[in-house]
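Following: one structure in structure tokens, then a few remarks.
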Amino acid sequence: MAIKVIVELTAHPGRRDELVRWLDDLIASQGADQPGFIGSTRYEVLGDPDALVEIADWESAEARAAHMEQAAATGAYAPLAEMLAAPFRVTVVSELA
């Protein structure tokens, strides 16, 4: 079953552009060809120049879980911690049946 992953991120003040570039590079190098990854769309948060929301589409929760396992093993997301002012929030949803 297809899922959407909603990720809310808040960069340190003035570092959102750096965060966006890092996310672009990450997706270009590791995301686009991941099995089960369909794509993602990024949004700015109105009224908060340091926040952004990314909504990623995956073919299944299992495909995303496999990606997250691989990312954890390689430390792919480690640089993210330095750019964030607060822990990121992830919500995984699927369409109501």
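I'm trying to understand the selection: among the residues of the range 6-24, which are within 14 Å of Glu54 (Cβ to Cβ) and of a type in the set (Asp, Glu)? If you could, list the steps in order and put the result at the bottom.
First pass over the range 6-24, keeping only residues within 14 Å of Glu54 (Cβ to Cβ): 6-11, 16, 19-24.
Glu8, Asp24 - these are the residues of the range 6-24 that are within 14 Å of Glu54 (Cβ to Cβ) and of a type in the set (Asp, Glu).
Could you pull out the residue among Ala76, Ala28, Ala97, Ala71 that is open to solvent by 70 Å² or more (accessible area, probe 1.4 Å), under 13 Å from the mean Cα position of the chain (by Cα) and either modelled with pLDDT under 95 or farther than 24 Å from Met1 by Cβ (or both)? So that I can check it myself, show each step before the final result.
Values: Ala76 fails: open to solvent by 70 Å² or more (accessible area, probe 1.4 Å); Ala97 fails: under 13 Å from the mean Cα position of the chain (by Cα); Ala71 fails: open to solvent by 70 Å² or more (accessible area, probe 1.4 Å).
Among Ala76, Ala28, Ala97, Ala71, only Ala28 is open to solvent by 70 Å² or more (accessible area, probe 1.4 Å), under 13 Å from the mean Cα position of the chain (by Cα) and either modelled with pLDDT under 95 or farther than 24 Å from Met1 by Cβ (or both).
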**Item:** Which numbered condition Glu18 misses (of (1) open to solvent by 40 Å² or more (accessible area, probe 1.4 Å); (2) in a loop (DSSP other than H, G, I, E, B))
**Value:** (2)
**Request:** Give the residue that is modelled with the highest pLDDT, with candidates limited to residues of the range 79-89 that are in a helix (DSSP H, G or I) and open to solvent by 60 Å² or more (accessible area, probe 1.4 Å).
**Result:** Glu82
**Asked** Between residues in the range 34-46 that are closer than 14 Å to Ile3 by Cβ and open to solvent by less than 70 Å² (accessible area, probe 1.4 Å) and residues that are among the hydroxyl-bearing types (Ser, Thr, Tyr) and assigned to a loop (DSSP other than H, G, I, E, B), which pairs lie under 8 Å by C-beta distance while being six or more apart or on different chains?
**Response** Gly36/Ser60
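The values are calculated or read from the model by the stated rules, or taken from the named source; none is laboratory data. Predicted, not measured: the structure shown is a model, and the values here were computed from it. As a convention, Cβ positions derive from the backbone with ideal geometry for all residues, glycine included, and neighbour counts pool all protein chains shown. The protein model used for the area step is the full one, side chains on, heavy atoms only, and it has no ligands, DNA or RNA in it. Shrake-Rupley method; radii C 1.70, N 1.55, O 1.52, S 1.80 Å.
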